[in-house]
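Just below is one structure, and these are the notes that go with it.
The values are calculated or read from the model by the stated rules, or taken from the named source; none is laboratory data. Note that this is a predicted model, so its numbers are computed, not measured. Glycine gets a Cβ as well: all are built from the backbone with ideal geometry, and neighbour counts include every protein chain shown. These area figures cover heavy atoms from the full protein model, side chains too; ligands, DNA and RNA do not enter into them. Shrake-Rupley method; radii C 1.70, N 1.55, O 1.52, S 1.80 Å.
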Amino acid sequence: MEHYRFKKIDAFVEGQSTGNPAGCVYLPDEKALSADGMQQIARELAGFVSEVVYVYPDEGHTALRFFCSEREVAFCGHGTIAVMYDLMKNDAALALNPIILVHIPGRELLVRNEIASADSVFISTPLPEFLTTTLERDDIAASLKIPPGEIPEKYRIMLVNAGLATLIVPLASLDSLLSLHPDQKHLREFCLRNSIELILVFSEEVSSNDNSYRTRVFAPVFGYLEDPATGSGNAALGYYLLNANLWDGHMLRIEQGRTREHPNIIRLVSDASKIQRTVFFGGNARVKIEGDYLLYP
């Protein structure tokens with residue numbers, strides 16, 4: 001039996017919103033737990049949290065790996081917010097740094113510490129890939145179980161990878177967005193068939209005038225239907241808006257979820273690069289459960 005430090009941390013919590021829970025396992029080093037062991041814990045926590053993030057020191061930096069119940073995940077935005085907010089809030093050495101470098105498989109992230117000024121940490125996202133898609137509005141509407149007319153012609157449909165391949169779909173109204181209830185099995189098959197990892201639907205109509213867009217994000221390829229608060233998916237929307245000249249890069253508040261009154265809030269901001277702007281997503285986190293995880297052989 002092995003013991004690992006464990007926390008259940010809710011990311012993107014604001015007001016009465018519930019955020020998005022992540023399981024966070026703190027390891028002393030990279031070799032403390034095998035990939036099979038990481039996958040076992042993620043399977044055991046299925047239905048309790050959507051992803052588990054593993055954090056350990058790596059050559060003077062912090063390293064992260066992410067697993068859902070079905071497989072290792074290239075990137076998990078809310079898990080990164082959860083564990084980095086917790087570390088920067090409670091580690092005196094990290095708290096002194098305004099920005100730190102984090103290793104994830106295959107690349108590096110920048111984490112900006114704005115806990116003192118904005119009760120948030122901000123995570124850089126990979127530069128976007130605008131992927132080719134030939135999907136028609138009728139096909140997408142059928143996959144989401146909505147009439148084709150609910151997807152307006154005003155905005156383009158795009159497939160954007162900002163860590164995960166995300167299909168960006170505009171909807172006509174907030175009511176249309178909130179009433180969505182796709183079939184998980186059917187939507188999973190649609191995503192796998194079209195190399196899609198997330199589907200983000202968005203509306204200009206919002207619940208609060210403090211916010212600019214409402215989103216919902218569906219992730220059936222990861223073993224669950226909907227993600228309540230999403231870093232990488234909303235970052236893909238940020239790149240979509242920059243590409244369409246619909247956003248100047250200043251702080252943007254995105255409300256996410258299916259509840260009208262108490263959505264989760266994701267903040268987006270972009271740097272001022274004239275070549276290729278980087279989108280940062282940000283939020284806070286709350287520890288809800290803390291203790292040891294016991295892994296039996």
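Return the FRET efficiency for the residue pair residue 225, residue 34: r is the Cβ-Cβ distance, R0 is 25 Å, and the value is rounded to the nearest 0.05. Don't skip to the end; give the middle numbers.
On the way: r = 30 Å, r/R0 = 1.19.
Between residue 225 and residue 34 the formula returns 0.25.
Express the relative contact order of region 119-232 as a whole percentage, based on alpha carbon pairs under 8 Å and six or more residues apart in sequence.
After rounding, I find 21 percent.
Roughly speaking, what is the centre-to-centre gap between region 212-226 and region 131-164 when only Cα atoms are used, to the nearest Å?
Centre-to-centre (Cα) distance: 14 Å.
Can you find, among 238, 41, 283, the residue farthest towards the positive end of the dipole of the chain? Put +1 on the C-beta of Lys and Arg, -1 on that of Asp and Glu.
Result: 238.
Taking all protein chains in place and a 1.4 Å probe, what share, in percent, of the accessible surface of the chain do carbon and sulfur account for?
Details: 6320 of 12940 Å².
Here it works out to 49 percent.
What size of dipole, in debye to the nearest 20, comes out for region 146-221 about its Cα centre when the only charges are +1 on Lys and Arg C-beta atoms and -1 on Asp and Glu C-beta atoms?
Using only the charged Cβ atoms, the result is roughly 260 debye.
Kindly list the residues of region 243-276 that lie in the label zone of residue 205, defined by a backbone N under 19 Å from the point 7 Å along the Cα-to-C-beta vector.
Correct set: 254-264.
What is the distance, in nm, between label points placed 7 Å from the Cα along the Cα-to-Cβ direction at residue 253 and at residue 288?
In this crude spin-label approximation the distance works out to 2.3 nm.
Determine how many Å³ per residue the convex hull of the Cα atoms of region 157-256 encloses.
Once divided by residue count, the hull of region 157-256 is 95 Å³.
Rank 250, 164, 202 by how far each Cα sits towards the positive end of the charge dipole of region 153-271 (+1 on Lys, Arg Cβ; -1 on Asp, Glu Cβ) and give me just the farthest.
In region 153-271, that residue is 164.
What is the packing order of peptides 148-161, 193-206, taking the mean over residues of other C-beta atoms within 10 Å and listing the highest first? The partial results should precede the final answer.
Numbers: 148-161: 16.2, 193-206: 20.1.
The packing order, highest mean first, is 193-206, 148-161.
Accessible area of residue 108, 1.4 Å probe, to the nearest 10 Å²?
110
Which residues does a label at residue 295 reach in region 92-130, if reach means a backbone N under 19 Å from a point 7 Å past the Cα toward the Cβ?
Counting only backbone N, you get 104-105.
Tell me, what is the FRET efficiency for residue 1 and residue 110 to the nearest 0.05, using R0 = 45 angstrom and their Cβ-Cβ distance as r?
0.75
For the chain, with every protein chain kept in place, what is the accessible area per residue (1.4 Å probe, Å²)?
44
Could you tell me which of the pairs 145/185; 8/185; 89/288 are separated by over 20 angstrom between their Cα atoms in the structure shown?
Pairs exceeding the cut-off: 8/185.
Assigning unit charges at the beta carbon (Lys, Arg +1; Asp, Glu -1) and nothing else, what dipole magnitude in debye, to the nearest 20, does the chain show about its Cα centre?
Details: 27 positive and 38 negative charges, 40 e Å.
In debye, rounded to 20, the chain gives about 200.
Given Cα pairs under 8 Å that are at least 6 residues apart, what percent is the relative contact order of the chain?
Details: 693 pairs, mean separation 65.7, N = 297.
In percent, rounded to a whole number, it is 22.
For the peptides 166-174, 288-296, 42-50, what is the packing order when you average, over each peptide's residues, the other Cβ atoms within 10 Å and list the highest mean first?
Going by the mean number of other Cβ atoms within 10 Å, highest first, we get 166-174, 42-50, 288-296.
Starting from the 7 Å offset along Cα-to-Cβ, what nm value, one decimal, do you get for the label separation of residue 179 and residue 131?
Each label point lies 7 Å from its Cα, and together they span 3.0 nm.
Rounded to the nearest 20 debye, what is the charge dipole size of region 90-207 about its Cα centre when +1 sits on each Lys and Arg Cβ and -1 on each Asp and Glu Cβ?
260
With the contact rule set at Cα under 8 Å and sequence spacing of 6 or more, what percent relative contact order holds for region 7-126?
Once normalised by length, the contact order is 20 percent.
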